[in-house]
Each structure stands twice: as C-alpha cells, then as structure tokens.
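The values are calculated or read from the model by the stated rules, or taken from the named source; none is laboratory data. Worth saying up front: this structure is predicted, and the values here are computed from it rather than measured. No Cβ is skipped: glycine too gets one built from the backbone with ideal geometry, and neighbour counts run over all protein chains shown.
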Amino acid sequence: MDFIEGEIIYIDKPLHWTSFRVVRVVRAKLCRKLGIKKLKVGHAGTLDPLATGVMTICTGKKTKCIEELQAHTKEYVAQVYLGATTPSFDLETEIDAEYPTVHITNELVEEILETFTGRIEQIPPIYSAVKVEGKRAYEFARKNEVIELKPKLLVIDSIELISYELPYITIRVVCSKGTYIRALARDIGKALHSGAHLTGLTRTRVGEATLENCLKMEDIDRFFDENIESGNQ
C-alpha cells in the first residue's frame, strides 16, 4: 500500500476518542514508519467521543475524496433512554428533566419510528460543531448562551426497533449525511410525549464498509508494518 500517494482505511473508533485524535495518531504513526515529517491525513465524517464504529480515514491524495465519501449512506445502532432528557441529548451532560413513560408500549414506539422515515427536517443539537456566526454551536452552549439553529433537510432510509426494554430501546438507523442520531433521539422522545436521550451509539456501516472491515486502533502498528513496502520505510 502506498500511503503517501493515497489510501483509504476504515477504523473502529474507540469510545471517548475524538475523531481528530484518531487522525492525529494515524498520521503520527505513518510519518514515523515512513520516515517523513508531513503527510496529509483526514477523515470523512465525524463521530462524537461517546460514539464508536466505522471511521473512514484518507491519506495522501485520497484526502481529495473526502467530500465524496462523506455523502455515503450511514448505518447506526443506537441505544436510547426514554423518560429523561439532557441538554446535549446524550451522556455528555446531566439529566435536566424527567417525563412519564407509563403510556409507552412496544407498538407505540414502532408506530412513532415509522413517522421518521423519508425526508425530514432536523434541528441540530446545540452541543454540536454546526457553525453559527463563525463559531461552533457548542461554544455558545458551554457558555449557556441561547442561539437558534436552523433545521436541516435529511433522509432517513429506515429505522428498525431492535429491542424494547423500558426505559431503553435499541434502534438501527440507515440515514444520509448530516443526520444527528442524538437529535433523532430527542425527537423520538417528543413524538412519544415523553423525553429521551442517547446512551450508546455505534456507526456500523459507511457505504459498503462495515464494522467487520474495520481496524482496531490496537492493530494499527501491525497493519502498517505489514502493508508499508520496505522501500518506503
């Protein structure tokens, strides 16, 4: 493999790692093994620190493909807690309100999930990297400053209820670029006349690349050793 010319690899992002940290570690390891000081490395699609799963990493000239790769359909498996909300819509922040769940049934959840398929409008989370007035939305959120985020048009190809064990449900979501699963959890909670937040998220597929195709971070050194030609080291 020629990482200087350009390669695409898929990595299973570890829990608590930022997407930037994955890129930084991959770049540092490649530069060291190749004996070079600089190398273009980027990723096609951010994953939150509390999410795991498929990350597309591009090196060299393949970084020019990032925009195209970001457009690929993505699949997620998400665990959602019903009956409580958090400001970040996930576990990054503490619960700020609790809601009844006694009226929620398996059948009601499946009925509500169906209403989210197709083209929908979604307001991004305030705790996100969406730009507002030249700043990231999360910068306002962490200062408790109120801002208005505009809804974005996106496509949910399918939502499947995998398990129903109140207060938790687990869903599989196939969706377009730009979908915030945290915001989807928020909206599902509202549609159920309750509240909800995300407690676990794994990106299981990007385009044709699945979790089974991904490298673990602990295997990166061995992978590079096996795939960097001796002449390039």
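A Cβ distance below 7 Å, combined with a sequence gap of six or more or placement on separate chains, defines the contacts here; from segment 20-41, residues that are more than 25 Å from Glu67 (Cα to Cα) reach residues that are of a type in the set (Phe, Trp, Tyr) and surrounded by 12 or more Cβ atoms within 10 Å (Cβ to Cβ) in the pairs Lys33/Phe224; Leu34/Phe3. The residue list Lys216, Lys190, Lys177 contains one member that is assigned by TED's automatic domain parsing to the domain that holds Ala97 and either in contact (Cβ under 8 Å) with a residue 12 or more places away in the chain or under 19 Å from Asp157 (Cα atoms) (or both), which is Lys177.
Checking Asp157, Asp221 one by one, the residue that is in contact (Cβ under 8 Å) with a residue 40 or more places away in the chain and part of a helix (DSSP H, G or I) is Asp221 and no other.
Quick check: is even one residue across segment 208-222 within 20 Å of Thr85 (Cβ to Cβ), crowded, with 16+ Cβ neighbours inside 10 Å and touching a Gly at 6+ places or on another chain (Cβ under 9 Å)? No, that holds for no residue. Among the conditions (1) buried (at least 16 other Cβ atoms within 10 Å of the Cβ); (2) of a type outside the set (A, V, I, L, M); (3) in a loop (DSSP other than H, G, I, E, B), the only one that Glu75 does not satisfy is (3). Inspection of segment 134-148 identifies at least one residue that is surrounded by 14 or more Cβ atoms within 10 Å (Cβ to Cβ) and assigned to a strand (DSSP E or B). A count restricted to segment 138-186 and to residues that are under 22 Å from Ala84 (Cβ atoms), within 17 Å of the chain's Cα centre (by Cα) and not basic (Lys, Arg) stands at 10.
May I ask you to list the residues in segment 92-115 that are among the hydrophobic types (A, V, I, L, M, F, W, C), buried (at least 17 other Cβ atoms within 10 Å of the Cβ) and not in a helix (DSSP H, G or I)?
Residues of segment 92-115 that are among the hydrophobic types (A, V, I, L, M, F, W, C), as a first pass: 95, 97, 102, 104, 108-109, 112-113.
Now restrict to residues that are buried (at least 17 other Cβ atoms within 10 Å of the Cβ): 104, 109, 112-113.
Within segment 92-115, Ile104 is the sole residue that qualifies.
Note on segment 161-185: residues that are of a type in the set (S, T, N, Q), in a strand (DSSP E or B) and surrounded by 15 or more Cβ atoms within 10 Å (Cβ to Cβ) amount to 1.
Within the bounds of segment 139-156, is there any residue that is in contact with a Leu (Cβ under 7 Å, 6 or more places away or on another chain) and closer than 25 Å to Leu69 by Cβ? Write out each step before concluding.
Keep residues of segment 139-156 that are in contact with a Leu (Cβ under 7 Å, 6 or more places away or on another chain), which gives none.
No, segment 139-156 contains no residue that is in contact with a Leu (Cβ under 7 Å, 6 or more places away or on another chain) and closer than 25 Å to Leu69 by Cβ.
Residues to consider are Gly35, Gly53, Gly83; find the one that is on the phi > 0 side of the Ramachandran plot and modelled with pLDDT under 95.
Values: Gly53 fails: modelled with pLDDT under 95; Gly83 fails: modelled with pLDDT under 95.
It is Gly35.
Here Gln70 meets the list (1) under 22 Å from Phe89 (Cα atoms); (2) surrounded by 15 or more Cβ atoms within 10 Å (Cβ to Cβ) almost entirely, failing just condition (1).
Regarding segment 42-51, can at least one residue be identified that is hydroxyl-bearing (Ser, Thr, Tyr) and under 13 Å from Met217 (Cβ atoms)? Taking every residue of segment 42-51 in turn, none turns out to be hydroxyl-bearing (Ser, Thr, Tyr) and under 13 Å from Met217 (Cβ atoms).
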